Amino acid sequence: MSVYSAREHFSEDRKIAGGSLPSGKSESAKAAALLKREQILQRATRVFLQHGYAGTSMDRVANEAGVSKQTIYSHFQDKKGLFTALLERVTLRQLRAEFGSEPFQGEPDILLRRIAHGYLKKMDDREFIDLLRVVVAESARFPELAQLYTRTVIQPICQGLVSYFKSHPKFNNSDAEAIAQVFYGSLSAFILSQKLLYFESLMPMDNERLVNTLIQLCYQDC
């Protein structure tokens, strides 16, 4: 199993609008298509942050990006697909750069620290935090938006962790699903509380202190 259970999370460089680029296309054409896609994502982020999910329309995104609506649909299919791509852009690319498509492997202490530190880096990513605010703010009217965030950002990592825990001898007798949720769910809740609920100023917590405690909890369940 790959680092993330769904390989499509890492296929942005090979796919456009959910379909593979025709094999006959030149490398320059592929590069141009990917450049256009990135341009749309950058401009769409501005629109979502300014108007929220409900207030964002494909017309607004098209005007901001300087492309036709059909171009956006050809890349992302619909608004949900566009927002999914935005979440992948600000989260999974960083993790893919660190782990590639290889399975989680190595000693638990080293691996879990790498995962935790990689994800907690997002606390300093203003674009990611602002998009997370959109998800939280609109989740009452659009529960599918929160589900989308979970499926795109949290679930793939948790599934990779479950596979790792099940295969590692040290965790053979443990509840892999529970450990994965405690570990990665705690990291997600930490980012949410520190950045959106003002724990950072009212109840600050050092990142390394949290990571050390989470790893200890994982070992205690072995």
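Residue-by-condition table, conditions (1) at pLDDT 95 or above; (2) in contact with a Lys or Arg (Cβ under 9 Å, 6 or more places away or on another chain):
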{"site": "Val47", "(1), (2)": "yes, yes"}
{"site": "Phe99", "(1), (2)": "no, yes"}
{"site": "Pro103", "(1), (2)": "no, no"}
{"site": "Pro108", "(1), (2)": "no, yes"}
{"site": "Asp125", "(1), (2)": "no, no"}
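The test for being farther than 28 Å from Glu127 by Cβ and free of Cβ contacts under 8 Å to residues at least 60 places away in the same chain holds for Ala176. Looking across the range 168-203, the residues that are more than 24 Å from the chain's Cα centre (by Cα) and either among the hydrophobic types (A, V, I, L, M, F, W, C) or over 19 Å from Arg113 (Cβ atoms) (or both) come down to Pro169, Phe171, Asn172, Asn173, Asp175, Ser201, Leu202, Met203. Meeting the requirement of 1 or more residues that are aromatic (Phe, Trp, Tyr) and surrounded by fewer than 18 Cβ atoms within 10 Å (Cβ to Cβ), the helices (runs of 4 or more DSSP H) wholly within the range 151-222 are 199-202, 207-220. Considering only residues that are surrounded by fewer than 16 Cβ atoms within 10 Å (Cβ to Cβ) and in contact (Cβ under 8 Å) with a residue 60 or more places away in the chain, look in the range 138-150 and name the one that is nearest to Val211 (Cα to Cα). Step by step, filter the range 138-150, then rank; the result is Glu144.
The values are calculated or read from the model by the stated rules, or taken from the named source; none is laboratory data. Note that the coordinates shown come from a computational prediction; the quantities given were computed from them, not determined experimentally. Note: ideal-geometry Cβ built from the backbone for every residue, glycine included; neighbour counts use all protein chains shown.
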